[in-house]
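Just so you know, all these numbers are worked out from the coordinates, no wet-lab data involved. Small disclaimer: the values here were computed from a predicted structure and weren't measured. Glycine also receives a Cβ, built like all others from the backbone with ideal geometry; neighbour counts cover every protein chain displayed.
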Amino acid sequence: MGEILRFSFMAINTIDDFKDAVVTVMGLGRFKQGSGVGATKWLMRHGAQTIITDLKNEEDLQESIAEVMRWYEKCRQDFPDREIYHPLFVLGEHREEDFTDVQAVMQNPDVPREDRFVALARQNNVPIFSDVSLFFRFCPQAITAVTGTRGKTTTTTLIGEIYKAHDPRAVMAGNIKVSPLESLDEILADASPRPIVLELSSTLIDSLDVGAGFPGPSKHSPEIVVMTNVFPDHLNRYKSFDDYKHSKEQLLTMQSAEQVAILNADVPDVVAMASRALAKIYWFTKGTDLKNAGGTLVQDGAIVFRQSGKDEVIIKLDEIALEGEHNLENILAAVCATKLAGVSTDKIVGVLKTFKGVPDRQEVLREVNGVTYVNDTTATSPDGAMAALKRFGQKGKIVLLAGGASKNLPFEAFGKMIQATCKYVVLFEGTATDDLAQAIGTSLPSTRVKSMKEAMQAASSVAQKGEIVLLSPGTASFGIFKNEFDRGDQFKAEVAKL
């Protein structure tokens, strides 16, 4: 579909330079507002000739393709005086010419840095960037960036909701399935500052480095960085835990002394990052003595914000709507960030009294015949799943849905907690499931399944009144499911049928 017209090559230094430029979007993806689709829509709107290449086929990407084509027709109507090029789809394969005979490559962050086609573009001096690096390149306003292994989506969303209470024009994007390019043009059209918060996974942070090859001034760095925590994860992509930690740490080393980094004082590997951070450090903690340092802490049953030696009580813990001990860290981080961003205490408190959490994260769906069903599909690591077992394991016996694709993470501690808190385990087939089953041992009854329908049939047959069916896999989703959100959606659909 589509035809590309080759023009003489020119450097891309401004947004206007994308007009008529040939740009390859590598990795369309399945999220209709995600990096690949968001980048394609933005490029088309600005008159670029887009080549969309993905190893998945047309059937796998049909919803994303439909969204791109809907946007193509909309752009043609909205900009009748501008050439809007029909996108060219190259699916099920990558072609070398699409990485050498183009003016730029937009790399989906999920594409590994070592990919041979990315290397080919680099060897041919083709600029490589991502939707996030492009946003950082052109957005002139202050950005709050949230990263970490666990809690970053909840923290980002909570900060975003507080920002929206302060300014309805606030932008929330990034790893929460929304490309920041969806908002870039609106931001540029309105000169008055607005709050912006981005959730950045390690791969999105890595993509800022690919933007280093993009001509022009140095990258815009985040005004506020929040590091929720760091634990071993994604070791199927990174060489070691140190390599993974370095990916996160890049956000701290790109800041300046005038900016702010908010770090978790209760996680030793995060504390160690402070010596390499360039910005002013603030901390959040559930129990560490901050002494004279600034940040947020728990004191006398309340959240307290400390700055310049002065304490301000923000809210009593029993007034907060968001449940779960692990969420206390997310709340502390969000309060610290929004206070430092200049949001009034009353706006912060108003949101904390009503915000109950993010879908797919320890989400209580419904109770059926006395059995409670909980969706925690985004627990893609053992640590994340153990947080759910810690919360719900105290309330009754657990029928756990777990297992899936490997991220080369250890399961020993997870297995022991499953033994202590669960009555039955339903294991999804996948590359990690044998290792997880071995960690659980043979003392606990279990079964293996190849679909969510089978999983729910197995779980419902053993769950009794007062018990909990918990989807908290502790692994990645690929294989049986498209991604963790597809896994969660299928679980919710099956629960709705009960």
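Write down, largest first, the equivalent ellipsoid semi-axes of the stretch 223-318 in whole Å, where each equals the square root of 5 times an eigenvalue of the alpha-carbon gyration tensor.
Each semi-axis is the square root of five times an eigenvalue, giving 27, 16, 10 Å.
Return the tail of the calculated pair distribution for the stretch 131-352, meaning the percent of Cα-Cα pairs more than 27 Å apart.
28
When we measure straight from the Cα of K239, which aspartates and glutamates land under 19 angstrom away, once same-chain ones fewer than 8 places off are left out?
D110, E114, D115, D206, D209, E249, D269
Pick out, in residue order, every one of the trypsin sites (Lys or Arg not before Pro) in the stretch 254-299 that is DSSP loop and has at most 11 other C-beta atoms within 10 Å; say none if there are none.
In loop regions of the stretch 254-299 (DSSP not H, G, I, E or B), the sparsely surrounded trypsin sites (Lys or Arg not before Pro) are K291.
Please go through the stretch 54-118 and write out the GluC sites (Glu not before Pro) that DSSP classes as loop and that have at most 10 other C-beta atoms within 10 Å.
Those satisfying the criteria are E59, E93, E114.
Simple spin-label model, 7 Å along Cα-to-Cβ: T447 to R116 in nm?
So the two model labels end up 4.4 nm from each other.
Any idea how far apart K239 and E367 come out in nm if each label point goes 7 Å out from Cα toward Cβ?
5.3
Excluding the sites themselves, what is the longest stretch of the chain that contains no chymotrypsin sites (Phe, Trp or Tyr not before Pro) in a DSSP loop with at most 13 other C-beta atoms within 10 Å?
Excluding the exposed sites themselves, the longest stretch runs over 10-498.
Treat the count of other C-beta atoms within 10 Å as a stand-in for reagent exposure and order V197, V90 from fewest to most.
V90, V197
Of S451, S183, S461, S130, how do they rank once you tally other Cβ atoms within 10 Å and put the fewest first?
S461, S451, S183, S130
Loop-only trypsin sites (Lys or Arg not before Pro) in the stretch 343-410, please: DSSP not H, G, I, E or B, and at most 12 other Cβ atoms within 10 Å.
When the trypsin sites (Lys or Arg not before Pro) of the stretch 343-410 are filtered for loop state and at most 12 Cβ neighbours within 10 Å, K353, K356, K395 remain.
Restricting to DSSP H runs of at least four residues, report the calculated mean residue ellipticity at 222 nm for the chain, -39500 (n - 2.57) per run over all residues, nearest 500 deg cm²/dmol.
-10500 deg cm²/dmol
Using a Förster distance of 35 Å, how high is the FRET efficiency between S344 and E93, based on the Cβ-Cβ distance and rounded to 0.05?
Working from the Cβ atoms, E equals 0.05.
When the chain is fully extended, how far beyond the present Cα-Cα distance does A11 get from K416, taking 0.36 nm per residue of separation?
140.1 nm
Expressed in nm², what is the orientationally averaged projection area of the convex hull enclosing the Cα positions of the stretch 363-497?
6.6
Just checking my list (i) 1.00; (ii) 1.57; (iii) 0.95 against Cα Rg over 2.2 N^0.38 Å computed from this structure; which label fits?
(i)
Select from N124, H234, L297 the residue farthest towards the positive end of the dipole of the chain; place +1 on Cβ of Lys and Arg, -1 on Cβ of Asp and Glu, and compute about the Cα centre.
Sorting the options by dipole projection puts first L297.
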